[in-house]
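The values are calculated or read from the model by the stated rules, or taken from the named source; none is laboratory data. Source: prediction; values computed, not measured. Glycine also receives a Cβ, built like all others from the backbone with ideal geometry; neighbour counts cover every protein chain displayed.
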Amino acid sequence: SAVISQKPSRDICQRGTSLTIQCQVDSQVTMMFWYRQQPGQSLTLIATANQGSEATYESGFVIDKFPISRPNLTFSTLTVSNMSPEDSSIYLCSGGGYEQFFGPGTRLTVL
Amino acid sequence: GQQVMQIPQYQHVQEGEDFTTYCNSSTTLSNIQWYKQRPGGHPVFLIQLVKSGEVKKQKRLTFQFGEAKKNSSLHITATQTTDVGTYFCAGPSVAGGTSYGKLTFGQGTILTVHP
């Protein structure tokens, strides 16, 4: 199993600013992913965080808006850039093998 | 693209009643997973089904994978208040190929259990 932590747990940001979310896994995992979840809704995959190479983004998500870093097998960051109120959501990272472990999420509110 | 549909969206039951949620995929799945998310929490892996027609049980939970590997169900017998939460099915993203963990989630079923 894996334990995943995220920082910050929540934040309130102003329009036009950027926020970087950190995801730390207590063991090495090959695959790490970033999801977005509106309260009461399902999870939407943003991108796969690849160690040593650029992230792979899903349709509708672009690197300029959501730059991702993956410097090693236990850590990744997601930046939400030039934020607007539409970016208000819960952002979750996950990692593991076929069984995915999720972090507790970062609740982002953009004013 | 791949779609994973889940019904019902909401289910309210009295404690002790049974509960079932259904999941249908637009494409054949190599496997299907189920996750539970408690209110205010994060998704937690419950189980993975791989074989056509597979049935697995975890105490009061019974999971089935359809013969065509395009549908699945989760049945809870005699619900308890601890069963409250959202139940998601998830299939491997088509584009993911053998990329473990790249998932397409169903919309989820929000289960409320009245004591």
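Please tell me if B:T86 is touching a strand residue (DSSP E or B) at 6+ places or on another chain (Cβ under 8 Å), in a strand (DSSP E or B), crowded, with 18+ Cβ neighbours inside 10 Å and of a type in the set (V, I, T). When the stated conditions are applied, B:T86 passes them.
Residue-by-condition table, conditions (1) within 15 Å of A:Q100 (Cβ to Cβ); (2) within 14 Å of chain B (Cβ to nearest Cβ); (3) touching a strand residue (DSSP E or B) at 6+ places or on another chain (Cβ under 6 Å):
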{"residue": "A:Q6", "(1), (2), (3)": "yes, yes, yes"}
{"residue": "A:R10", "(1), (2), (3)": "no, yes, yes"}
{"residue": "A:V25", "(1), (2), (3)": "yes, yes, yes"}
{"residue": "A:Q38", "(1), (2), (3)": "no, yes, yes"}
{"residue": "A:A49", "(1), (2), (3)": "yes, yes, yes"}
{"residue": "A:A55", "(1), (2), (3)": "no, yes, yes"}
{"residue": "A:S69", "(1), (2), (3)": "no, no, yes"}
{"residue": "A:L73", "(1), (2), (3)": "no, yes, no"}
{"residue": "A:T79", "(1), (2), (3)": "no, no, yes"}
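Of all the listed residues (A:S5, A:S53, A:S27), the sole one being modelled with pLDDT under 95 and surrounded by 13 or more Cβ atoms within 10 Å (Cβ to Cβ) is A:S27. Of the strands (runs of 3 or more DSSP E) entirely within segment B:2-70, those holding at least 3 residues that are more than 14 Å from chain A (Cβ to nearest Cβ) and over 15 Å from the mean Cα position of the chain (by Cα) occupy B:10-14. Just one of the numbered conditions (1) within 14 Å of another protein chain (Cβ to nearest Cβ); (2) touching a Leu at 6+ places or on another chain (Cβ under 8 Å); (3) surrounded by 21 or more Cβ atoms within 10 Å (Cβ to Cβ); (4) of a type outside the set (S, T, Y) is not true of A:F101: (2). Beta carbons closer than 9 Å, at least 6 apart along the sequence or on distinct chains, pair a first residue in segment A:9-21 that is in contact (Cβ under 8 Å) with a residue 12 or more places away in the chain with a second that is surrounded by fewer than 14 Cβ atoms within 10 Å (Cβ to Cβ) and among the hydrophobic types (A, V, I, L, M, F, W, C) for A:I12/A:L111; A:C13/A:L111; A:Q14/A:L111; A:R15/A:L111.
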